[in-house]
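The structure under discussion appears below in the form of structure tokens.
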Amino acid sequence: MPSVKAPKAGSSARAASQPYTMPLSPPASSASSSGSMHLLENLSQPAQTMYNKMMNSVPEGHIYTQTELTELVGISDPLRLMGLIQENMNMGLVKMLQQGDDLCYQAIKKEDAEKIQAMTKDEAMVYSYIESSGTEGIWTKTIKAKTNLHQSVVQRCLKSLESKRYIKNIKSVKYPTRKIYMLASLQPSIDVTGGPWFTDSELDTEFISSLLSIVFRYVMSESIPTEDDKALVPPPRSKKTNRKFTKNEKKEEIVYDQLSYPANYSAYPSQTQIHEFVQTSGITTVELAQSDIKALLDVLIYDGKIETIDHGMTYRAILGATADDRTSAEASEYDSIWSYGPFL
Amino acid sequence: MSQYEEELVVLLLRDIYGDIAATVVDTLLKYGRLTLQLISRYSKLPLATIQRVLVPLVQNRFVLYWVDENAGSDNATYLASTRNMYNIVRSGMFVSFVLDRFPDTSGAPDIVKNLLLYGHIRASDYLAAQSASQAAVSKSAITLLLQRKLLTTLRRHEFNPQSDLYMRIFKRRLAAIPRSKAVSESKRETQAHSEATEEFSVLKRVHDDINDGLVAAANGIGSSSKRAHSLTGSSPSKTIDESAVLALNHDKFAVHMRAQILRHLVAQRIGKVTAAVYGKVLDCMEPKLFRCVDNTDKAITVTSLEVLRSLDASIELASALAVRSSKKRSRSASSRASKRQKRRHGTDDSAGESDNSMGSSNVSDLESSHRHDDNEDGDDEDADDNFANSSRMEHLNFHLALLSCNQSLPFITKVGNKGGGEWTIDFDVLTARVRELEYDKLITQKQGAIACRLLRIIRDKGRIDEKQLARIALLPPKDIRSQLTALHEIGCLDLQEVPRGTDRAPSRTYYLWYHKPKCAYALMTQAVLKTMVRCYARVIEERGRRPSVMAKLLREDVRLDELNMLTPAEREEVRRVRGVEERFIAHMAKLDNLVLIFRDM
């Protein structure tokens, strides 16, 4: 690979300090090109051509290796090529990146380049770090560490960038006291916002409890025989049988002492079934993954309301285990024991 | 810290046996072992009084004595035994249990009541004190109770403290091993210890013999030896040994109470019919269970045939099997069939306790793998028909399978196939689970469902920090913190600090929560005992507020005819006191249930 001419001092910091995998390219900005032509005009004709070709011929954000660029512009002389690239870089229209050991280049939109040119050097540096963090966001302390700037300088830059609405501040779920910044146009990743349980970075307990009760009712309906099911061998007609007679005595309701599925009954709901049920029930617009359902089921197990059969293959509701089922009389009976207890 | 147990015991004695007895026992509990003179000195009571009061205490084995032959003097030392005194709380339940099982006419309840009063009675004395006809009835009743092991015989050594007995055996064994250069002193001691432990355990189990306290009948009573053996296995042609000394067996009663608790749990978790079946299983096992813990080494098994025979014909077994209504069937039948295959392969590998290998195999056998593609309803119906037509044994096995299929709460486990299926109960595992469930229930009532959820998570995960806990429990961290500290105060949870650096700054340490079951249960038991103390103290207080009425109630003529002998105001007072008594004594019974679960079971 031909030696790269030492880049000009102004852009050195930015070029050298970007060792990474590619960030997402910013979404298409509106085509206001009032200031952008200004930049392009400063370039020589061949540089302009190269830039336009880089921008137009392939999908946005494409990263060019040196060989690709050679092909694109048809200039095989590496020195001349470097000169053109350098010109573009000076204007901020091309960014140099490192992919493994190779250097490669990416075209930047004119509007973005304008933006960056308009900023001070410090601001531009801070902005580039924020941009590189993508949807994860970056902590102020990290920015300070990486840029080696003073705290007040960093603060000033962040303030001005925020006022220009280039970046925004979001609250992380894992570290609520940290200030996380990311590009204003991006959506924070799931990791940061915490997933389906969080609304506005706060745990949505009502949503969770309503989901829990729905899942529990479904599991219960599938694991305990209901009125529709009947005993295989009906209890014999004898004086002792509990039979309820309705008013017109035409229909007999049988009240069973016990109705259970056999020990090897296999139609208890599995995690996938439950997931399907929740999806189709349309309870919520939030997308729930299988792992979310698993988390809910685990909570129900820890509540003592359901249990797993087959080491987690299927789930079954536990009879008579919930405190809610207890009648008020029984509950007050237990309470009164504790009214004389020592824990007061 | 059995401080509350001691308080309870002294309170009970004060109420039932009087102030002096209570004082003596209090002194013994405070100072430990004492001779007669020392008791007199510390309690400031005259010697003669103490001697007089020690008689019923020793008779009931509330106070144990020991005479050391080598000590030179002939003095006996006395030691209070809280465990025996605690059993006073269960005396009422014992009597009602016996009343349930044996009709009043059989004389069994009377025997029990008398034994509660006297502590122990020689059989000949008891029979001599009754008229001839009564004596015959009593004789058979005593025989029955002995066979059921609700009564037990007393040997002389049972009035001695266990530690002294063991020491005596140990010393004898040690002396029996000769000193020699080859064997070091510590080796001698360990050998002596192991021999002594063996001998001691044999001594403790001396009542486990089937014919304990019984001798062959001379004639008459059990002449037809062709009669089937009774449940206990001892032939009915036995009668009591007149020279035996009888006493109540509280260990056996604890076994019965445990059976009751387990039955109740099955009724809650599975159903009433299965609970009845389980009750029968426990009844079949019961003759071989002599005490709750430290039973025989061999596992006790029961066959399905035995259970079947002992079941009431009236219990309807088959009607507990439910079939899904046709509305629900078709949806999951195909997934069921494929699952069935998976389960069969899966359970072939697993050890022991799988449900597919059980007696209800005739149901699953028909649903063989090559059938699942076609007519889903068809093969289900065939299987169901088979069940409906099969024998009562199969129906029984259905229930037994239900009992054994839950891996986390194994009420019963299958160990063989003889006699329709051999079953055993692993009481250790079961008791641990019952304790967990009971403790969870208590925590839920005390602290709430959230606290119980956290406890269960911590129990499952071992040691876990707050953040993880919040993530798993799907609860905000600040809510959790107050619950955790509250649980910590009760003694349910404990904290483990893991420092991150060399300094112990709180911000640089991890705090892990964990749960120690034994510790937590012990603290809970102490709390329960404290509650019992307060309940009983309240009862005594209520009685104490109305001394004249209570004194009047003790009069013979008043006892026979309360309605007329008391004024309306007095009757009202009596009603009030009885109401208070009933409520608190019933409470104490429930609390005793908890003590049984956490301590004695």
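Just so it is clear, none of the values below were taken in a lab; they were calculated from the coordinates. This is a predicted model, so every value here is computed, not measured. Here the Cβ is made from the backbone with ideal geometry for all residues, glycine too, and neighbour counts use every protein chain on show.
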With the cut-off at 1.5 for a/c, could you classify region B:88-227 from its C-alpha gyration tensor as rounded, prolate or oblate? prolate
Note: A:263-275 gets an average of partner chain Cβ contacts (10 Å, Cβ to Cβ) equal to 6
Compute the semi-axes of the equivalent ellipsoid of region B:532-601, taking the square root of 5 times each eigenvalue of the Cα gyration tensor, and list them largest first in whole Å. 30, 12, 10
Mind pulling up the Rg/Rh value for region B:450-517? Radius of gyration and Kirkwood radius, both on Cα. 0.97
Based on alpha-carbon atoms only, what is the radius of gyration of region B:406-503 relative to the globular estimate 2.2 N^0.38 Å? 1.47
What does the convex hull of the Cα atoms of region A:93-160 come to per residue, in Å³, rounded to a whole number? 107
Work out the FRET efficiency for B:H193 and B:K288 from their Cβ-Cβ distance, taking R0 = 22 Å, and round it to the nearest 0.05. 0.15
What FRET efficiency, computed as 1/(1 + (r/R0)^6) with R0 = 60 Å and r the Cβ-Cβ distance, is obtained for B:K44 and B:S391, rounded to the nearest 0.05? 0.20
Take peptide B:528-539, look around each residue's Cβ out to 10 angstrom, count Cβ atoms belonging to other protein chains, and average those counts. 2
Kirkwood Rh, Cα atoms: Rg over Rh of region B:3-44: 0.98
Run through the DSSP bridge list for region B:460-576 and note the antiparallel percent, rounded to the nearest 5. 100
Solvent-free Debye scattering, log10 I(q)/I(0), computed from the Cα coordinates of region B:397-453 at q = 0.17, 0.21, 0.23 Å⁻¹: -0.64, -0.79, -0.87
Averaged over residues of A:299-311, the number of beta carbons from other chains lying within 10 Å of each residue's Cβ is 5
Tell me the Rg and the Dmax, in Å, that the Cα atoms of region A:96-228 produce. 22.1, 75
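Please give the peptides B:190-201, B:247-258 ranked by average Cβ packing (other Cβ atoms within 10 Å per residue), highest first, as a rough proxy for protection.
Per-residue Cβ counts within 10 Å, averaged per peptide and sorted highest first, yield B:247-258, B:190-201.
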For region A:132-194, what is the per residue volume of the convex hull drawn over the alpha-carbon atoms, in cubic angstrom? 77
Rg in Å to one decimal, and Dmax rounded to a whole Å, for region B:6-95 via C-alpha atoms: 13.2, 45
For a protection proxy built on the mean count of beta-carbon atoms within 10 angstrom, sort B:270-283, A:167-180 highest first, please. B:270-283, A:167-180
Mind listing the long-range amide H neighbours of A:C104? Cut-off is under 5 Å, sequence gap 5 or more, other chains count too, H placed in the peptide plane at 1.01 Å from N. A:L97, A:Q98, A:Q99
For a distance above 22 Å, tell me the whole-number percent of Cα pairs in region B:484-601 that qualify. 59
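Using every Cα-Cα pair within region B:508-566, state what percent have a distance larger than 13 Å.
Value for region B:508-566 (Cα pairs over 13 Å): 75 percent.
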Whole angstrom only: what separates the Cα centroid of region B:143-221 from the Cα centroid of region A:68-125? 96
In the calculated pair distance distribution of region B:65-130, what percentage of Cα-Cα distances lie above 16 Å? 63
By the Cα gyration tensor axes a ≥ b ≥ c (a/c under 1.5 gives rounded; else a/b larger than b/c gives prolate, otherwise oblate), the shape of region A:259-302 is prolate
What pairs in B:K414/B:K590; A:K109/A:K141; A:K174/B:K516; B:K461/B:K530; B:K113/B:K139; B:K280/B:K530 have C-alpha atoms more than 26 Å from each other? B:K414/B:K590; A:K109/A:K141; A:K174/B:K516; B:K461/B:K530; B:K280/B:K530
